[in-house]
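Just below is one structure, and these are the notes that go with it.
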Amino acid sequence: SDHLIIQTKNDKMRIIRSFNLLAAAVVYHGIFAATSAAAFSLPPSTLTSATSSIHSHAQTVKVAVKATAADLSSQDKATNNSKQHASPKESVDWESFSFSLNGVRTDKMWLSVIPVSFATAAASTTTEQEQYSDSATQCLVDFNDLRLSPASTVLNYGQVVFEGLKAFRRQDDTVVVFRPDRNAARMQKGAARFLLPPVPTTTFIKAVDSVVRSNARWVPPSGKGALYVRPSLMGTGEALGAKPSYESTFLVYCSPVGNYFNTGDLKAIRLQAVKGFSRAAPGGSGFVKASGNYAPTFLVQKEVRERGYDEVLCLDAATGNKIEEAGAFNFFCRLW
């Protein structure tokens, strides 16, 4: 039968049944989202014990996650301010929200457009004339559609990287964002790979902070969801040839969301490993949070969901014998 090998630094474990996997922990877009445990072709008595352990562990992690959202400290580099933020919008059924737009159009977004020369992008630097603005007066605009040429590089050649982070409301009604500097660093790494001028960390954080504050009424009450923030960096100049864009757009918008998987309060999800499909390949751009890395997963995600699973579990491209990640998030496994 097909086997999978899970390798850690000091341990190796052979799994007999490759299509009955439960994630030990799921982290999507940098945010801890759900938890369960692993169940691999075990005797009924062992499985019963493991299931009990799963539920106990899930409750423990649930408390930890809520505590993290409520008590982010300065050492975690959370964006915070003692000033009260706008209270949640009234008459909103926050608990019905899934990880989607939920029919909401928020109030403001951040938009900064700069010219780009190939030499500037290749050097991952910007001249004084080619710097993204950090002025809220200039960049904070009403949430609206973008105008793009049909020949824009982002539409034709996928020159775009993005990020995802969340703003949580605490019990004192203030709002916090968890380590946005890490998201800024990852976007800078992706920008270098895609020949886009990087957004400075201070500008990135200013943009996120401004968008969260101006949309604070869309941050759900404590414990009832989060405001998902989506920064994007894209080549928006028009050209027919395959080359880097002469124009770069830095955009940040947001939307209130619930859990990524609408399975209830931190319930386990089911993943199916599929041979013949890989999320990323050696030498490619799998390490970049790029839009083009996601569309290829849509078909296999549809297929595993039709078989009763929540998400695909991706194997490594080189051998097909090692677990790499899931279709839309990382995979962590605890062995004990």
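Where a number appears in this text, it was derived from the coordinates with a stated rule and is not lab data. Nothing here was measured: the structure is a model prediction, and the numbers come from that model. Here the Cβ positions follow ideal geometry from the backbone for every residue, glycine too, while neighbour counts run over all protein chains shown.
Here are the numbers for the structure shown:
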quantity: Burial order of peptide ranges 224-232, 179-187 (average beta-carbon count within 10 Å, highest first); calculated: 224-232, 179-187
quantity: Shape call, the range 196-336: gyration tensor on alpha carbons, a/c limit 1.5; calculated: oblate
quantity: The range 280-336: C-alpha gyration tensor shape, a/c 1.5 cut-off, then a/b vs b/c; calculated: oblate
quantity: Charge context of MET109, other residues only, Cβ under 12 angstrom, K/R +1, D/E -1; calculated: 0
quantity: Mean-position separation - Cα centroids, the range 292-329 and the range 181-202, in angstrom; calculated: 26
quantity: Rounded, prolate or oblate (a/c below 1.5 giving rounded, otherwise prolate when a/b exceeds b/c) for the range 180-228 by Cα gyration tensor; calculated: prolate
quantity: For peptides 246-257, 141-152, 294-305, sequence by mean Cβ density within 10 Å, most packed first; calculated: 246-257, 294-305, 141-152
quantity: Flagged links, alpha-carbon separation over 32 Å, of LYS267/LYS322; LYS189/LYS302; LYS166/LYS189; LYS224/LYS275; LYS108/LYS267; LYS206/LYS275; calculated: LYS224/LYS275; LYS108/LYS267; LYS206/LYS275
